[in-house]
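For reference, the structure is listed below as structure tokens.
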There are 2 protein chains.
Amino acid sequence: MCGLRIDKPELRRITMSLLEQSIHNYFGLMQAQDLHTVSSLFHVHEIKKGVFFLKSGKSCDKLSFIQNGLLRIYTLQDGKEVTQWISSPGYFVTDLSSLMFDTPARWNIQALSDCSLYTISKADYKNIGKLVPGWHELEKLFIAKCFTILEDRIHSHLSMSAEERYAYFFERNKELFNQVPLQYIASMLGMTPETFSRIRKKHIS
Amino acid sequence: MCGLRIDKPELRRITMSLLEQSIHNYFGLMQAQDLHTVSSLFHVHEIKKGVFFLKSGKSCDKLSFIQNGLLRIYTLQDGKEVTQWISSPGYFVTDLSSLMFDTPARWNIQALSDCSLYTISKADYKNIGKLVPGWHELEKLFIAKCFTILEDRIHSHLSMSAEERYAYFFERNKELFNQVPLQYIASMLGMTPETFSRIRKKHIS
DNA sequence: CTGATTTCTTGATTTAAATCAAGAGCGCCC
DNA sequence: GGGCGCTCTTGATTTAAATCAAGAAATCAG
């Protein structure tokens, strides 16, 4: 959903409670029982490579946490695909405006590989606030954090060249580069595959 | 703080309750007494043209609603100013990450004209949630809305030319074009003043 | 009102990045 | 294992936008 993700691979090994750990990590202090209440609303949900998690124009009726796999968020603009973001393990994935405001989804979200998700329905999601005191505040802080990450991303387009954006993103997301078609990363950084390839060559040698 | 603003000039004439109207407008349904509780925490705050509302690196200890005037949010990057946003009447202005997470401010915020603000201190702001039931939920929705606006802005950098960004922004913010130095708008749209000037010429004639 | 900044425009030139075009590498499936 | 469809690379060329350089307009201060 945005550029915020747990960055503690060691947590990912504790399969049992990855979701709980993540909620803890993202949303901060919460009573153990509340943590359990929240995570129990999520259900294991597997999707195969190529399957659409969401199609633009539809209503997004779920929020998912990625345990494994990669999903691409993109639009079709004048026949061209524009990749907005690639979500990887540790991210939440949804169309926030559609989930929250019941507007038609703006994004296509498609699995780039077989994915293992924890998914909560829109109805259950909208109910968390009633079950867990303080939930809205935690979620507010989470979304605010996502907001500031997007601010930075905008700033990168105002102040950096394609090469600088490449270097900045590569430094923070090395692992993505050998897991997804590079053209998608190129698009996400606002450049063509050709430009991406040339910059990449420079940075390898 | 982002691209979300009331767009009902008729409301601005009702001076008495502009702030309340705006809170109502932004944050949705609220009991009249809660609305009053919130708005009473804001205090009139005038700043002169050129004065800094915030300097980057400092802590942002307030949140303001703009009744009148314009403020520019920018950074200094390698000796160059990069304008992130221009806030106008109807907007809230703050450094969200500094306000919420007590990090050093990332932005400089400077008055482009004499400004008339309603300001709430960080302490009072952080207390609203205790005074007004449901506040965090409303604020969450507000920030989520801001988030989706930034998503769109990023998308515009991935999919549009400088000229398209100009046209898109102009359509929605005509009034800004004769109120602020155009170089700031140029920077905000990610182009040089020269490019901006040439595009503008085309669109005028 | 006037001189001094600041802001904007315009033209010439350069540069970064896009586009066009072709080929290479590689996984995949029958 | 050979052919087919992606994906990536590389080179040649074009183009959008940046940079450089002056002037013109507008704004501001005294």
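The values are calculated or read from the model by the stated rules, or taken from the named source; none is laboratory data. Please read these numbers as outputs of a predicted model, since none were measured by experiment. When we count neighbours, we look across all protein chains shown, and the Cβ atoms used for this are built from the backbone with ideal geometry, even at glycine. Just so you know, the surface numbers come from the protein's heavy atoms only, side chains and all, with ligands and any DNA or RNA stripped out. Shrake-Rupley method; radii C 1.70, N 1.55, O 1.52, S 1.80 Å.
I need to check one value: relative contact order of chain A, counting alpha carbon pairs closer than 8 Å and at least 6 residues apart, in percent.
Across chain A, relative contact order equals 24 percent.
Between B:Asp78 and A:Asp78, what's the calculated FRET efficiency when r is the beta-carbon distance and R0 is 30 Å? Round to 0.05.
Given R0 = 30 Å and the Cβ-Cβ separation, E is 0.30.
Per DSSP H run of at least 4 residues, take -39500 (n - 2.57); add these up for chain A, divide by its residues and hand me the 222 nm value, nearest 500 deg cm²/dmol.
One gets -14000 deg cm²/dmol as the mean residue ellipticity at 222 nm.
Pick out, in residue order, every one of the chymotrypsin sites (Phe, Trp or Tyr not before Pro) in region B:139-190 that is DSSP loop and has at most 13 other C-beta atoms within 10 Å; say none if there are none.
none
Measuring from label point to label point, each 7 Å out along Cα→Cβ, what is the B:Phe170 to A:His43 span in nm?
Here the answer is 5.2 nm between the modelled labels.
Over region B:9-132, average the accessible area per residue using a 1.4 Å probe and give it in Å², no decimals.
Result: 45 Å² of accessible area for each residue.
Mind running the shape call on region B:9-132? Use the C-alpha gyration tensor, a ≥ b ≥ c as the square roots of the eigenvalues: rounded below 1.5 for a/c, prolate if a/b tops b/c, oblate otherwise.
Because a/c hits 1.5 or more and a/b fails to exceed b/c, region B:9-132 counts as oblate.
For the pairs A:Lys145/A:Lys174; B:Lys48/B:Lys126; A:Lys174/B:Lys58; A:Lys122/A:Lys174; A:Lys48/A:Lys130; A:Lys130/B:Lys55, flag any whose C-alpha to C-alpha distance is greater than 29 Å.
A:Lys174/B:Lys58; A:Lys122/A:Lys174; A:Lys48/A:Lys130; A:Lys130/B:Lys55
Would you grab the residues whose amide H sits under 5 Å from the one on B:Tyr91? Only those 5+ places off in sequence or on another chain, please, with H modelled 1.01 Å from N.
The answer is B:Ile66.
Taking a ≥ b ≥ c as the square roots of the eigenvalues of the Cα gyration tensor of region B:156-205, is the shape rounded (a/c under 1.5), prolate (a/b larger than b/c) or oblate?
rounded
What shape does the protein assembly as shown take by its C-alpha gyration tensor, where a ≥ b ≥ c are the square roots of the eigenvalues and a/c under 1.5 counts as rounded, a/b above b/c as prolate, and the rest as oblate?
oblate
Total accessible area buried between chains B and A, 1.4 Å probe, in Å² to the nearest 100?
3400
Using DSSP H assignments, which helices in chain A have an axial alpha-carbon span of 15 Å or above and a mean Kyte-Doolittle hydropathy of -0.5 or higher?
A:135-159
Have a look at B:Ile128, B:Ile185, B:Ile120 and tell me which one the Gaussian network model of chain B (Cα, springs below 10 Å) gives the largest fluctuation.
Looking only at B:Ile128, B:Ile185, B:Ile120, the biggest GNM fluctuation is shown by B:Ile128.
If you put +1 on each Lys and Arg Cβ and -1 on each Asp and Glu Cβ, how big is the dipole of region A:59-147 around its Cα centre, in Debye rounded to 20?
Dipole magnitude for region A:59-147 comes out near 140 debye.
Label position 7 Å from Cα toward Cβ: report the copy-to-copy distances for B:Ile149 in nm, one decimal, ordered from shortest.
Once sorted, the set of distances for B:Ile149 reads 2.1 nm.
Placing unit charges on C-beta atoms (Lys and Arg positive, Asp and Glu negative, everything else neutral), compute the dipole magnitude of chain A about its Cα centre in debye, rounded to 20.
Using Cβ point charges on Lys, Arg, Asp and Glu, chain A gives about 420 debye.
For B:Lys174, go 7 angstrom from Cα along the Cα-to-Cβ vector, then report the distances to that same point in the other copies in nm, smallest first.
Inter-copy label distances (nm, one decimal, shortest first): 5.3.
First compute the accessible area of chain A with a 1.4 Å probe, then give the percent of it belonging to carbon and sulfur atoms.
52
Using modelled backbone amide H atoms (1.01 Å from N, in-plane), which distant-in-sequence or interchain residues come within less than 5 Å of A:Arg106's amide H?
So A:Arg106 has HN proximity to A:Gly57, A:Ser98.
Please report the spacing between the Cα centers of region B:171-205 and region B:19-93 in Å, no decimals.
23
Please report, for A:Ser40, the nm distances (one decimal) from its label point, 7 Å out from Cα along the beta-carbon direction, to the equivalent points in the remaining copies, shortest first.
Taking the point 7 Å beyond Cα along Cα→Cβ, the inter-copy spacings are 4.1 nm.
I'd like the accessible area for B:Asp102: 1.4 Å probe, protein heavy atoms, all chains in place, Å² to the nearest 10.
For B:Asp102, solvent-accessible area is about 90 Å².
On full extension of the chain, what length is gained from B:Lys55 through B:Ser161, given 0.36 nm per residue of separation minus the C-alpha to C-alpha distance?
35.0 nm
Under unit Cβ charges (Lys, Arg +1; Asp, Glu -1), what dipole magnitude, rounded to 20 debye, does the protein assembly as shown have relative to its Cα centre?
I would put it at about 720 debye.
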